[in-house]
Amino acid sequence: MKNLLVTGGCGFIGANFIRYLLFDSNFSGRVINVDKLTYAGNPENLEGIEEKYTGRYYFVKGDICDAETMGGVFKKYEIDTICHFAAESHVDRSILKPDTFIKTNIEGTFNLLELARFHKDRVVLFHHVSTDEVFGSLGQDGYFTEETPYDPSSPYSASKAASDHLVRAYSRTYGLPITISNCSNNYGPYQFPEKLIPLMLLNALDGKPLPVYGDGKNVRDWLYVKDHCKAVWVIMKKGKRGQTYNIGGNCEMYNIDVVNKLCDVLDAIKPSESGGSRRDLITFVKDRPGHDLRYAMDFSKLENELGWRPDESFETGIEKTIKWYIDNKGWVERVKSGEYLKWIDQQYE
Ligand code: NAD
Ligand code: TYD
């Protein structure tokens with residue numbers, strides 16, 4: 001692994017992954033980050049990296065669906081490894097407007113696979129980052145394993161399922177060296193405030209309503225983003241080629257409990273001006289259509305084969321996350337106002 005293409009590296013997990021690779025891992029090669037810079041891609045998530053890691057980090061603004069641009073990147077940087085994060089990632093957006101999910105998540109992945117196939121002599125690994133949502137919904141009991149049949153519920157999860165199938169098919173048909181990881185819900189620094197945790201956090205800080213879907217009894221498994229990054233890296237280095245690994249946090253929670261916990265930690269760290277509890281801001285709203293009831297991951301394969309376990313508990317992870325959002329007011333304000341999008345237009349158009 002000398003020339004690693006990271007797609008979607010300006011997004012939430014991609015940016016944390018690049019930071020982890022450069023700051024904390026033993027990776028000594030080059031990172032080439034290709035990102036289209038959609039609303040979810042923010043170059044500020046990697047501020048200072050280009051200057052600090054000259055000769056080891058490169059950024060290209062590009063669309064993974066664009067075969068010419070991506071072909072140029074493969075050639076110019078002699079890409080031998082791919083870690084594929086780029087995606088449209090928000091379920092609610094996929095319900096309102098599925099088209100970009102089909103394009104980026106399915107066609108974009110297909111385009112990258114074709115390029116990897118074309119460069120098969122050089123490519124040592126195509127790692128595909130995916131989600132537990134491809135498995136659909138659990139009832140009150142049980143866990144998703146790597147053998148659970150796919151049964152996606154939303155256009156987002158269906159598009160990720162399709163991309164997983166394509167990646168596996170390229171391994172079986174063309175012998176492309178691949179690994180796939182399916183991970184549960186992430187939280188941590190740099191997450192765009194449309195997902196549950198940062199949305200609730202910023203609304204609570206602003207004294208705005210906290211919209212909980214349905215009765216708040218849907219269950220998600222939560223993982224601190226840096227733990228996800230460590231898992232992806234260990235799979236890339238030591239995972240068996242052609243294999244899928246589940247990644248989870250061992251941290252199942254009802255949505256309402258997540259929101260209550262956020263309110264309580266926030267009240268303790270930064271009491272509201274009125275002195276009241278943020279829990280008073282919770283508002284139950286109409287449920288999401290096709291809302292999966294419960295996700296829970298059996299990640300014993302990853303633990304037993306590769307020795308990975310999450311380092312953070314929800315207690316420690318959520319405190320770090322809340323502090324990060326409080327300490328990074330500038331980032332929060334620029335993201336909320338859309339100022340970063342204007343800056344991108346000026347830089348690149
Ligand atoms: P995100 O929405 O924060 O970031 C996605 C990034 O991809 C952005 O930088 C965006 O600009 C870029 N992008 C989108 N379309 C592109 C295109 N056509 N070409 C190039 N770049 C494009 O997403 P995230 O939460 O960081 O998720 C990253 C990956 O991890 C996704 O594949 C997602 O399915 C998967 N995943 C996410 C979670 C989670 O909890 N967030 C959990 C499991 C798996
Ligand atoms: P989300 O962060 O969108 O992740 P995903 O749908 O991929 O799991 O949502 C997490 C859970 O929180 C999910 O059950 C939907 C719920 N939710 C709310 O109750 N209110 C909200 O405003 C959002 C964004 C999500």
Segment 85-101, residues that are of a type outside the set (Val, Ile, Thr) and part of a helix (DSSP H, G or I): ASP92, ARG93, SER94, LEU96, ASP99, PHE101
For residues in segment 66-110 being of a type in the set (Asp, Glu) and under 22 Å from ARG168 (Cβ atoms), which is nearest to ligand 2 (Cβ to nearest atom)? GLU88
State whether the residues of segment 272-288 include one that is within 16 Å of ligand 2 (Cβ to nearest atom), under 19 Å from the mean Cα position of the chain (by Cα) and closer than 20 Å to VAL91 by Cα. no
Given the criterion closer than 29 Å to TYR224 by Cβ and modelled with pLDDT of 95 or more, identify the matching residue among SER171, SER163. SER163
May I ask you to say which residue of ILE235, ILE322, ILE282 is in contact with a strand residue (DSSP E or B) (Cβ under 6 Å, 6 or more places away or on another chain) and closer than 30 Å to ASN26 by Cα? ILE235
Please go through segment 209-220 and pick out each residue that is more than 10 Å from ligand 1 (Cβ to nearest atom) and at negative phi. PRO209, LEU210, PRO211, VAL212, TYR213, ASP215, LYS217, ASN218, VAL219
Within segment 160-190, of all residues that are part of a helix (DSSP H, G or I) and near ligand 1 (Cβ under 9 Å from one of its atoms), the one surrounded by the most Cβ atoms within 10 Å (Cβ to Cβ) is LYS160
Sort through TYR245, TYR213 and tell me the only one that's aromatic (Phe, Trp, Tyr), more than 9 Å from ligand 2 (Cβ to nearest atom) and over 25 Å from TRP331 (Cα atoms). TYR245
Hey, any hits in segment 93-116 for a residue that's of a type in the set (Asp, Glu), closer than 27 Å to TRP331 by Cα and more than 9 Å from ligand 1 (Cβ to nearest atom)? no
Residue in segment 107-124 that is in a helix (DSSP H, G or I), within 23 Å of SER181 (Cβ to Cβ), modelled with pLDDT of 95 or more and of a type in the set (Phe, Trp, Tyr) present: yes
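The values are calculated or read from the model by the stated rules, or taken from the named source; none is laboratory data. What you see is a predicted model, and the numbers here were worked out from it, not measured in a lab. For neighbour counting, all protein chains shown are included, and Cβ atoms are generated from backbone atoms with ideal geometry for every residue, glycine included.
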